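The values are calculated or read from the model by the stated rules, or taken from the named source; none is laboratory data. For clarity, every value in this text was computed on a predicted model and none was experimentally measured. Note that we place each Cβ from the backbone using ideal geometry, even for glycine, and neighbour counts take in every protein chain shown. Keep in mind that these areas ignore ligands, DNA and RNA; they rest on the heavy atoms of the full protein, side chains included. Shrake-Rupley method; radii C 1.70, N 1.55, O 1.52, S 1.80 Å.
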Amino acid sequence: MTCDKTIDCIRRRSWRAIVLLSVALGFFRVLFSSGVDAQNVASLPNRDEAIKPRMFVDPRSTTVSHNKVRLVVGPLTQEGKFYVGSYQLKVFPYFFKSETGTLKLDAPDQGFRKFTEGTEMKFTGKATNNKGAKDKVITGKAMPSDEDKGSLIFSLETDNGRMTFKTSYHFAK
């Protein structure tokens, strides 16, 4: 019997394709299933461990020697008695004076506990430039307005003068 373009012939061909596809998928499933069971699966984090909150500082600008300086701080994470993160200083119009580096703010346990309870906290730290320039001393004050947010004032001493930024922060996990 020859198969012309009749509906009955089309159904037989599609049925054969479905059967062949099912057999092929079953074969690959059996062939590769043994390897899947042996793979290492990443373990879930221990729920008993405390998740340390990260501190997010809002970007802010100031003026130094008639130049606009914008500070962008990456998320700060607690490492021992410090909050550490990255920073960028963008200077306009003198873009070649812009810099990036690492912030390291002191966060001693006693002071940090008082801070989380809503007490104003003064802090110090340093900004280390990625280009190897000398470290900048940071002084500042954090004033909580809520359990996990507040305002922040901090200053960096530079060769061109003091840069003071008045910004806000919040904590998140």
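Charge dipole (Cα centre; +1 on Lys/Arg Cβ, -1 on Asp/Glu Cβ; no other charges) of region 97-173 amounts to roughly 280 debye. If you roll a 1.4 angstrom probe over the protein chains with everything in place, what fraction of the accessible area of region 114-166 belongs to carbon and sulfur, to the nearest %? Taking all protein chains in place, region 114-166 shows 46 percent carbon and sulfur surface.
Put simply, region 65-173 fits an ellipsoid with semi-axes of 25, 15, 12 Å; these come from the alpha carbon gyration tensor as the roots of five times its eigenvalues, largest first. Over 26 Å between C-alpha atoms is what I'm after, so list which of LYS90/LYS166; LYS131/LYS173; LYS90/LYS173; LYS97/LYS122; LYS134/LYS173 land there. Table pairs above 26 Å Cα-Cα are LYS131/LYS173; LYS90/LYS173; LYS97/LYS122; LYS134/LYS173. Solvent exposure of region 96-172, expressed per residue, is 59 Å² of accessible area, with all protein chains present and a 1.4 angstrom probe.
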